[in-house]
Amino acid sequence: VFPWALYWMGLALILSGSMRSWFISAPDASLEYGISKTVLSNGNWDFWSLQGNYNAMLSVSILPGLLSLISSAPLLLSTKLFYPLIFSLIFICIWLISRKILTNTLAFLATLFFLSQPTILDWIRLPPRQEIAFFFLGLIFILLLIKNINPKTKTTLIIIFSISLAVSHYST
């Protein structure tokens, strides 16, 4: 019950901000949305066609359009709804990590503490690309703590998630 309660509480907090209006107002999000819209309307991603570092981030250039195409939802909705759906999984990741050293109840309270941080409560400070990066970082930490997994599989997944984190958030 704890992980799902945390997921839905976190999602409710994030959606209460992101679905407040028809506009995107997180830092740099308007520029990122413009890049996503250009890639979606062109039908392809050309790394060299758009100037600036944001074009290099796959969570900015490709992921929103891909989510929009798969769901048949408008691009704006994919950024305002689907990114929070993915990001809210970080609360389950934090609970799983905390549970390794704490009881279930204390892990729940530790995750609630994270959930109550100003960056989460004031959703406008969290750019969409950072939401995806936090998710991959959470997956990396979970893999580092899991003991009963094949070492080759573990290393492969950590490399995949690390590369995913890098191309989703960093651009230089």
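The values are calculated or read from the model by the stated rules, or taken from the named source; none is laboratory data. Predicted, not measured: the structure shown is a model, and the values here were computed from it. So basically every Cβ, Gly included, is an ideal-geometry build from the backbone, and we count neighbours across all protein chains shown. In case anyone asks, the SASA skips ligands and DNA or RNA and just uses the protein heavy atoms, side chains included. Shrake-Rupley method; radii C 1.70, N 1.55, O 1.52, S 1.80 Å.
Could you tell me the calculated FRET efficiency between D28 and I146, based on Cβ-Cβ distance and R0 = 25 angstrom, to the nearest 0.05? Here the calculated transfer efficiency is 0.15.
Kindly report the accessible area of the chain per residue (heavy atoms of protein chains, probe 1.4 Å, no ligands, DNA or RNA), in Å². Before the final figure, lay out the partial values.
Values: 9590 Å² over 172 residues.
Spelled out: the 1.4 Å probe surface of the chain, per residue, equals 56 Å².
On a 0 to 90 degree scale, rounded to 10, what angle separates helix 89-99 from the longest Cα axis of the chain? Its long axis makes an angle of about 20 degrees. Taken over the chain, lysine pairs spaced eight or more positions apart, or on distinct chains, with alpha carbons under 28 Å apart number 4.
Rounded to the nearest 10 square angstrom, L126 shows an accessible area of 10 square angstrom against a 1.4 Å probe.
Helix 2-18 and the long axis of the chain differ in direction by around 30°, with both axes built from C-alpha atoms.
So for the chain, averaging the separation of alpha carbon pairs under 8 Å that are six or more residues apart and normalising by length, what relative contact order in percent results? The partial results should precede the final answer.
On the way: 198 pairs, mean separation 53.6, N = 172.
It comes to 31 percent, rounded to a whole number.
Distance from the C-alpha centroid of region 1-41 to that of region 81-144: 15 Å, rounded to the whole angstrom.
Ignoring ligands and nucleic acids, what accessible area does V1 show with a 1.4 Å probe (Å², nearest 10)? That residue has around 150 Å² of solvent-accessible surface. When you have a sec, figure out the Kirkwood radius of the chain from all distinct Cα pair distances and drop it here in Å to one decimal? The Cα-based Kirkwood calculation yields 17.0 Å. Of the listed residues K147, K154, K37, the order by accessible area with a 1.4 Å probe, largest first, is K147, K37, K154. Solvent-accessible area of D28, all protein chains in place: 70 Å² (probe radius 1.4 Å, heavy atoms, ligands and nucleic acids excluded). The charge dipole of region 5-106, taken about its Cα centre with unit charges on the Cβ of Lys, Arg, Asp and Glu (plus for the first two, minus for the last two), comes to roughly 340 debye.
Going by average Cβ density within 10 Å per residue, which order do the peptides 82-88, 138-144 take, highest to lowest? Walk me through the intermediate numbers first.
On the way: 82-88: 20.7, 138-144: 17.3.
Top to bottom by mean Cβ count within 10 Å: 82-88, 138-144.
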